[in-house]
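The values are calculated or read from the model by the stated rules, or taken from the named source; none is laboratory data. Just so it is clear, the structure is predicted and the values come from calculations on it, not from any experiment. Virtual Cβ from ideal backbone geometry, glycine too; neighbours counted across all protein chains shown.
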Amino acid sequence: MRTETAFEINQAVKDFLMLHADARYAAFSSSLVPGARRIVGVRLPVLRALAKDIAGGDWRTYLSVALDDTMEETMLQGFVTGLARMPLAERLERVSAYVRKIDNWSLCDSPVTGFKFARRHRDEVWAFLQPYLYGGQEFGQRFGAVMLLAHFVTDGYVDRVLDACVRMCPTAFYARMAVAWAVSVCFAKYPEQTRPVLAGGGLDDETQQMAIRKIVDSLRVTAEDKQWVRTLRRTAVRTR
């Protein structure tokens, strides 16, 4: 059987994306992700379905030749990395390769929330995340924080997640936003464990305000808890 060339593999992906492209959705998505590489407008369920199909075939060859010409082509690699069957060590190497390509919140959040392999290997993945959490790079920290909120807010890990949120000290906007999101998820599920983080002054002012807004907007938090959280708002918050 003839093996497809790199050009043929990537052309097949591009043809699929253009077949499912929606110009109005592309314009809407571009408005939400300023500065992103070109977006052709393929909806996430369609992109995930393509990733599932690729992951069931010769996905290693695909990942070895895949292009980053559009945001969808790059994101597709993240989805395939999360879906394909492989040993944990190989997966973590491939996740690292994908994280190096993340330069906006959407390339991070959409694939990373689906990295469910982390739930089967929490101890190993927790160790893997440490350099990202504390490395000081904006989207590396966002990747780490989203991994925590999506896969580690559990009985056995919530205290470690909250400690990490305090110790990360994010200094860039999208990293702070992810830490705030993680704190809000912890509060929705474990309010008593999370109260000391919000009340104790461990978060910087802007992250604290973001976390409060997310908690107040949550449908999983009681009216009484929302009222308590509102009392923790701070003044003199920096602007982006």
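Scanning the range 137-168 for residues that are surrounded by fewer than 17 Cβ atoms within 10 Å (Cβ to Cβ) and either in a helix (DSSP H, G or I) or of a type in the set (A, V, I, L, M, F, W, C) (or both) yields Asp159, Arg160, Asp163, Arg167.
Hey, among Glu124, Glu138, Glu206, which residue is more than 28 Å from Gln77 (Cα to Cα) and either out of contact with any Cys (no Cβ under 7 Å at 6 or more places or on another chain) or touching a residue at least 24 places away in the same chain (Cβ under 8 Å) (or both)? Talk me through it step by step, then tell me what you get.
Working: Glu124 fails: more than 28 Å from Gln77 (Cα to Cα); Glu138 fails: more than 28 Å from Gln77 (Cα to Cα).
None of the others qualify; the one that does is Glu206.
Restricted to helices (runs of 4 or more DSSP H) entirely inside the range 175-240, those with at least 1 residues that are touching a Lys or Arg at 6+ places or on another chain (Cβ under 9 Å) are 205-217, 223-230. The single residue among Ala21, Ala26 that is in contact with a helix residue (DSSP H, G or I) (Cβ under 9 Å, 6 or more places away or on another chain) and either without any contact (Cβ under 8 Å) to a residue 24 or more places away in the chain or exposed (fewer than 12 other Cβ atoms within 10 Å of the Cβ) (or both) turns out to be Ala21. Scan the range 41-62 and give yes if some residue there is surrounded by 17 or more Cβ atoms within 10 Å (Cβ to Cβ) and outside any helix (DSSP H, G or I), otherwise no. Yes; the residues of the range 41-62 include at least one that is surrounded by 17 or more Cβ atoms within 10 Å (Cβ to Cβ) and outside any helix (DSSP H, G or I). Ser184: more than 18 Å from Gly144 (Cα to Cα) and either of a type in the set (Ser, Thr, Tyr) or buried (at least 22 other Cβ atoms within 10 Å of the Cβ) (or both), yes or no? Here the answer is no, as Ser184 does not meet what is asked.
Looking at Val183, Val221 in this structure, which one is of a type in the set (A, V, I, L, M, F, W, C), over 20 Å from Gln141 (Cα atoms) and without any contact (Cβ under 8 Å) to a residue 60 or more places away in the chain? Of the residues listed, the single one that is of a type in the set (A, V, I, L, M, F, W, C), over 20 Å from Gln141 (Cα atoms) and without any contact (Cβ under 8 Å) to a residue 60 or more places away in the chain is Val221.
Applying the set (1) within 28 Å of Glu138 (Cβ to Cβ); (2) surrounded by fewer than 18 Cβ atoms within 10 Å (Cβ to Cβ); (3) not assigned by TED's automatic domain parsing to the domain that holds Arg142 to Met71 leaves exactly one unmet item: (2). In the set (1) modelled with pLDDT under 95; (2) out of contact with any helix residue (DSSP H, G or I) (no Cβ under 9 Å at 6 or more places or on another chain), Ala223 fails one condition alone, (1).
Out of all the residues in the range 1-11, which are exposed (fewer than 14 other Cβ atoms within 10 Å of the Cβ) and hydrophobic (A, V, I, L, M, F, W, C)? Can you show your working first?
To start, the set of residues in the range 1-11 that are exposed (fewer than 14 other Cβ atoms within 10 Å of the Cβ) comprises 1-3, 5-8, 11.
Matches in the range 1-11: Met1, Ala6, Phe7.
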